[in-house]
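K.L.:
Below are the structure tokens for one structure; questions will follow.
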């Protein structure tokens, strides 16, 4: 399956939770783990909480979005009971359910539950124009930011490296900068390239393109085709020409962002959150350009590896979405 991202202008979005005044005297607080402030996870969590908090006087539920280390961190923190919800890459969700890769030591997360899916997230390779990088294979021997431990981008990068038979020793430098620092590091000539699994358009990509003429590089070939064929949660993706002043389409692969919870989160709280998002779906889609490709039908079903949370299931059955 190939998903082509819709070309829209980059729009700014505040992560304000819009809590307002006059809250109900007795309230239930729910927390949402997101990602770095320059990615799409953070505004996604803010947008979800904004919709929930619009009705908090009626529902008694108050939502707070927190910037975190990303997908793996969110899963682990939900498992520990410190978060109610989290935005998680579809591959990380699968690994958590199965107890694979990053979760091999902790084992399968049997209490993880799927709520809905969000935007597609292409694996994006960004390089300095003078770095001599024209494909993923050219990263060997270069200074590359592979992502901070616990992030979804790091998890995907480690899988690709494994399929290429690479280790961090194959790079001149393998930095572990968080997403908010990688654009400046690239333009300051501290690294030659970085990889980022992110929804588009993204400020983290637009910044180095505008500041130091960074280039988006195709990530294709037999190795990538093999990954897409092997894992059902990966798909081919295209970043359209012109989105970042790129003259041609950029071809790569990617995952999807999913919204998850656990069996420890109250069914009514999950139902209320899902209802808030889906009844305000048009408003939600307008809160960030990366959401423009969403539909209720795909959001209710796509990217699911964990069992469906009963609170979400109740809403989907009421509305005929599942």
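None of the figures in this text is laboratory data; all of them are computed from the coordinates on show. The model shown is predicted, which means the values in this text are computed figures rather than measured ones. Note: ideal-geometry Cβ built from the backbone for every residue, glycine included; neighbour counts use all protein chains shown.
K.L.:
Can you give me the angle between helix 267-279 and the longest principal axis of the chain, using Cα atoms only, in degrees from 0 to 90, rounded to the nearest 10?
P.N.:
Approximately 70 degrees, to the nearest 10.
K.L.:
What is the list of residues in the stretch 264-307 whose amide nitrogen lies under 16 Å from a point 7 angstrom out from the Cα of residue 28, following Cα to Cβ?
P.N.:
In the stretch 264-307, the label zone of residue 28 (backbone N under 16 Å from the point 7 Å along Cα→Cβ) covers 264-277.
K.L.:
How big is the Rg/Rh ratio for the stretch 123-255, C-alpha atoms only, Rh by Kirkwood, two decimals?
P.N.:
Result for the stretch 123-255 is an Rg/Rh of 0.92.
K.L.:
Same structure again: Calculate, for residue 101 and residue 58, the FRET efficiency according to 1/(1 + (r/R0)^6) with r their C-beta to C-beta distance and R0 51 Å; round to the nearest 0.05.
P.N.:
The value I calculate is 0.75.
K.L.:
Angle check, please: helix 41-53 long axis (alpha carbons) against the longest principal axis of the chain (alpha carbons), in degrees 0 to 90, nearest 10.
P.N.:
10 degrees
K.L.:
May I pose another question? Whole number please: convex hull volume per residue of the Cα set in the chain, in Å³?
P.N.:
121 Å³
K.L.:
Pairs of alpha-carbon atoms within less than 8 angstrom and 6+ residues apart define the contacts here; what relative contact order does the chain have, in percent?
P.N.:
26 percent
K.L.:
Further question on the same structure: Please work out the FRET efficiency for the pair residue 279 and residue 110, using the Cβ-Cβ distance as r and a Förster radius of 35 Å; give the result to the nearest 0.05.
P.N.:
0.70
K.L.:
Right, here's the next one. Can you bin every Cα-Cα distance in the stretch 30-148 into 5 Å intervals starting at zero and give me the percent of pairs per bin, rounded to whole numbers?
P.N.:
Pair shares across the bins are 2, 10, 17, 18, 16, 14, 10, 7, 4, 1, 1, 0.
K.L.:
A further question follows. Roughly what angle does helix 203-212 make with the longest principal axis of the chain, taking Cα atoms, 0 to 90 degrees, to the nearest 10?
P.N.:
30 degrees
K.L.:
Of all DSSP beta bridges located in the stretch 123-255, what percent are antiparallel, nearest 5?
P.N.:
Roughly 70 percent of the DSSP beta bridges within the stretch 123-255 come out antiparallel.
K.L.:
At each listed q (0.14, 0.21, 0.22, 0.30 Å⁻¹), what is the log10 of I(q)/I(0) that the Debye formula gives for the stretch 175-232 modelled as equal alpha-carbon point scatterers?
P.N.:
-0.47, -0.85, -0.90, -1.25
K.L.:
If neighbour count is taken as other Cβ atoms inside 10 Å, put 28, 313 in order from fewest to most.
P.N.:
28, 313
K.L.:
Looking at the chain, send over the antiparallel percent of its DSSP beta bridges, to the nearest 5.
P.N.:
DSSP beta bridges in the chain are roughly 60 percent antiparallel.
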